[in-house]
Ligand SMILES: [Fe+2]
């Protein structure tokens, strides 16, 4: 199972999670496609490294311990190695069909946690390093740093520092100093994937805004919350209150341009 991939100037990197797939319940209409995936913990995770430039190197496949990854934060090349930062789960998070979401015990599923993988293509070895215990998911960085060495990571994170829990805050990790900033919308706010919008002509990598949709359970509405990328702890610089709630999505992206329908048409 592959959900995401990372790039560097010279490589595309895919992590293939060890699963089996039985499509028949899906084809017969008994289960959703995602419910037919079964985690195979006895199998390794395969890391497929594909050169981006043709006729230079062959595709290499490395192996590391079993685990489950949906999203990568970033990858970069340094000192002849490839570094990949990813959100890892001990196993595929699974919820039985028909379970009432209010009855779910979050502790029965492993939390997503930040790891760094170091790939040595010459020796075909993989080293892994545990970076952050707090349950987190949906990593984002300054788009100008994608594929390159970077310093700041922004990610949706649980309010409490340990265990599995819903994402209720935004965590900023300084990969250089190992320091953190955390803004929380708890107890009634639940965050979506953050987005990083660089300030035009910024010199600092974290100079920009972090945008996230926050579901406010106390009002059953959503807010678009805008945080200062340099200082999450000072709280939102703006909070745009919507008149309704927005169901959870997965991914989005920022565009400085209005695409599609023109503004005058929207207002009309
Ligand atoms: Fe995704």
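Structural remarks
- Only one of the listed residues (39, 21) is touching a helix residue (DSSP H, G or I) at 6+ places or on another chain (Cβ under 9 Å), away from the ligand (no atom under 16 Å from the Cβ) and at pLDDT below 90. That residue is 21.
- Screening residue 247 on (1) surrounded by fewer than 19 Cβ atoms within 10 Å (Cβ to Cβ); (2) touching a strand residue (DSSP E or B) at 6+ places or on another chain (Cβ under 9 Å); (3) modelled with pLDDT of 95 or more shows it passes everything except condition (3).
- Test set (1) away from the ligand (no atom under 16 Å from the Cβ); (2) out of contact with any helix residue (DSSP H, G or I) (no Cβ under 8 Å at 6 or more places or on another chain); (3) not in a strand (DSSP E or B) - residue 34 fails condition number: (1)
- Any hit, the stretch 208-231, residues being within 27 Å of residue 72 (Cβ to Cβ), more than 16 Å from the ligand (Cβ to nearest atom) and without any contact (Cβ under 8 Å) to a residue 12 or more places away in the chain: no
- Checked against the criterion of being within 19 Å of the chain's Cα centre (by Cα) and under 30 Å from residue 81 (Cβ atoms), the candidates 227, 153, 211 yield just one match: 153.
- Test: residue in the stretch 93-111 that is free of Cβ contacts under 8 Å to residues at least 60 places away in the same chain, closer than 20 Å to residue 6 by Cβ and either within 22 Å of the chain's Cα centre (by Cα) or more than 16 Å from the ligand (Cβ to nearest atom) (or both): no
- Given (1) free of Cβ contacts under 8 Å to residues at least 40 places away in the same chain; (2) not assigned by TED's automatic domain parsing to the domain that holds residue 49, index of the condition residue 165 fails: (1)
- Some residue of the stretch 249-268 being within 16 Å of the ligand (Cβ to nearest atom) and farther than 20 Å from residue 85 by Cβ: yes
The values are calculated or read from the model by the stated rules, or taken from the named source; none is laboratory data. Just so it is clear, the model here is predicted, and its values are computed rather than measured. Because the Cβ atoms are built from the backbone with ideal geometry, glycine has one as well, and the counts that use them run over all protein chains shown.
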